[in-house]
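Step one of this worksheet: look at the structure below.
The values are calculated or read from the model by the stated rules, or taken from the named source; none is laboratory data. Computed from a prediction, not measured in an experiment: that's the story for all the values here. FYI the Cβ positions are ideal-geometry reconstructions off the backbone, even for glycines, and counts take in every protein chain you see.
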Amino acid sequence: MSEEITITIDDRQIKTRRGEKLLWAALENDIYIPHLCAIKEEKRPNASCRLCFVEIEGVSRPVTACSREVEEGMAVKTRTPRVDRLVKTGFELLLSDHNLNCRECPANRNCALQVIAKKRRLKLKHNRFKPIEREYELDQSPAEFAFDRSRCVLCGQCIWADRVEAEVGAIGFTNRGIDRVVTTFNNLPLADSICTECKLCVEACPVGALYYKEGQKA
Ligand code: SF4
Ligand code: SF4
Ligand code: FES
């Protein structure tokens, strides 16, 4: 069993385990830090969503809590002007490539972006970053679910579910930078790929990108 250690987050002392990542230590103690891409079982997080910034006493720059291990005596702040600025910018950038029609979204009221916006008092609308205009195809080929890339936040949760939980490997990231998307091999519709339609990816999606077709349940 890992050694228990004590750290301080927002002036609150908490017990955690050596080797644990700061994000999980905080969340397990009901201390909220925004996050989209973190996966607890992943030993080497990508830290790609750039939303989980915190400041650590004695460390010159904010760090991502999902990739930083706890250390005995560490003193952490989840809200500082620098952290708030970084989170706001990351969130606004993310929304610049997101279909923000919440009322028509299958995840409305059950969406990680809405949670982040509420907890951090951020606006869920396009802002200083011009919205990226492009057409995303809607994949409705599976029997019970659909994939709407216009709502994908590129968190990678579906890819982990597909590869590690389902052990299929039907989907993955393609391209880099702003062209990054989740696709099947050769960009085939899911039903024409090796996807078994197990729906573990749908369960993992924190927004309305992978969703059940109306009236269907897992
Ligand atoms: S439904 Fe298809 S893509 Fe999704 S986890 Fe299962 S096999 Fe993978
Ligand atoms: S489809 Fe959902 S789970 Fe997959 S990367 Fe996009 S937002 Fe994340
Ligand atoms: S949760 Fe840390 S960068 Fe995404």
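Does residue 205 fit the bill of being buried (at least 21 other Cβ atoms within 10 Å of the Cβ) and either modelled with pLDDT under 95 or within 20 Å of the chain's Cα centre (by Cα) (or both)? Yes: the conditions hold for residue 205.
Table: residues versus (1) more than 16 Å from ligand 3 (Cβ to nearest atom); (2) over 22 Å from residue 91 (Cα atoms); (3) surrounded by 14 or more Cβ atoms within 10 Å (Cβ to Cβ).
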{"site": "113", "(1), (2), (3)": "no, no, yes"}
{"site": "151", "(1), (2), (3)": "yes, no, yes"}
{"site": "179", "(1), (2), (3)": "yes, no, no"}
{"site": "210", "(1), (2), (3)": "yes, no, yes"}
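The set of residues in the stretch 53-92 being surrounded by 16 or more Cβ atoms within 10 Å (Cβ to Cβ) and of a type in the set (A, V, I, L, M) consists of 54, 56, 63, 65, 70, 74, 76, 83, 86, 87. For the stretch 71-81, check the following and say yes or no: at least one residue is more than 13 Å from the chain's Cα centre (by Cα), under 20 Å from residue 178 (Cα atoms) and either assigned to a loop (DSSP other than H, G, I, E, B) or not assigned by TED's automatic domain parsing to the domain that holds residue 117 (or both). No, there is no match, as no residue in the stretch 71-81 is more than 13 Å from the chain's Cα centre (by Cα), under 20 Å from residue 178 (Cα atoms) and either assigned to a loop (DSSP other than H, G, I, E, B) or not assigned by TED's automatic domain parsing to the domain that holds residue 117 (or both).
Within the stretch 2-27, the residues that satisfy the criterion of being surrounded by fewer than 14 Cβ atoms within 10 Å (Cβ to Cβ) and either assigned by TED's automatic domain parsing to the domain that holds residue 164 or on the phi < 0 side of the Ramachandran plot (or both) are 2, 3, 4, 6, 12, 13, 15, 18. Does residue 58 qualify as being in a helix (DSSP H, G or I) and over 30 Å from residue 213 (Cβ atoms)? So residue 58 fails the test.
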